[in-house]
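Structure record follows, encoded as structure tokens.
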Amino acid sequence: MDIENPTVCRYCGEPVYLRSSDKIYGSGLDYGLVYVCAAYPTCDSYVGVYKGTNKANGTLADKELRGWRTKTHKAFDPLWKSHGMTRSEACKFLSVQLGIEQKDAHISRFDIYECIKIIDGITKPYAACALLRNRTGIEFAKLER
Ligand SMILES: [Zn+2]
């Protein structure tokens, strides 16, 4: 599902503008354009765009949500980068875990609760497998490395 470009900040209600990201990352650090709240930096909410476009690559996020999305990537990315799932299987995991359609399962669109649910769904089985292996010496999952 395409997401709409943000026009109003969902945190403070101020308008959202498309600006150069050096306003946020400092001059010399240009990561392209961002949709940023007019009240920035008082209201610390923004979202990037797909490279070379004006299309928001996710939903507007404040510092707290950005932190959760980063944690979610840290938990999720190894599934397909080093733990043997294909990218497509890993994306399916996201959609199954959240009960949403695969085309909507993008971390850049998740809210905090969706992030927590994904991190939980990945780390709990890992923790359980590690515990069982430590207690029994049996390798329960090739996932845990
Ligand atoms: Zn705002």
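Would you mind getting the Kirkwood hydrodynamic radius of the range 63-136 from its Cα pairs, rounded to one decimal in Å?
Mean inverse Cα-Cα distance, inverted, gives 12.8 Å.
Among 52, 67, 32, determine the one that fluctuates most according to a GNM of the chain built with springs between C-alpha atoms less than 10 Å apart.
Largest GNM mean-square fluctuation: 52.
Inverting the mean 1/r over all pairs of different Cα atoms, compute the Kirkwood radius of the chain and quote it in Å.
About 17.0 Å for the chain.
Could you calculate the FRET efficiency of residue 5 with residue 103 from 1/(1 + (r/R0)^6), where r is the beta carbon distance between them and R0 is 25 Å, rounded to 0.05?
Efficiency at R0 = 25 Å is approximately 0.85.
Filter 23/92; 71/103; 63/117; 55/124; 92/117; 23/117 down to the pairs with a C-alpha to C-alpha distance above 26 Å, please.
Values: 23/92 36 Å; 71/103 21 Å; 63/117 19 Å; 55/124 35 Å; 92/117 15 Å; 23/117 33 Å.
In this structure, 23/92; 55/124; 23/117 lie more than 26 Å apart at Cα.
Taking the Cα centre of each part, how many Å lie between the range 1-77 and the range 99-134?
Cα centres, the range 1-77 to the range 99-134: 23 Å.
Within the chain, what's the longest run with no GluC sites (Glu not before Pro) in a DSSP loop and at most 14 other beta-carbon atoms within 10 Å? Give the range, please.
5-100
Normalised by the residues of the range 1-130, what does the relative contact order come to in percent, with Cα pairs under 8 Å and at least six apart?
Details: 176 pairs, mean separation 23.7, N = 130.
So the answer I get is 18 percent.
Here, each number is a calculation from the coordinates, and none is a lab measurement. Quick caveat, the model's predicted, so the values are computed rather than measured. Note that each Cβ is placed from the backbone with ideal geometry, even for glycine, and that neighbours are counted across all protein chains shown.
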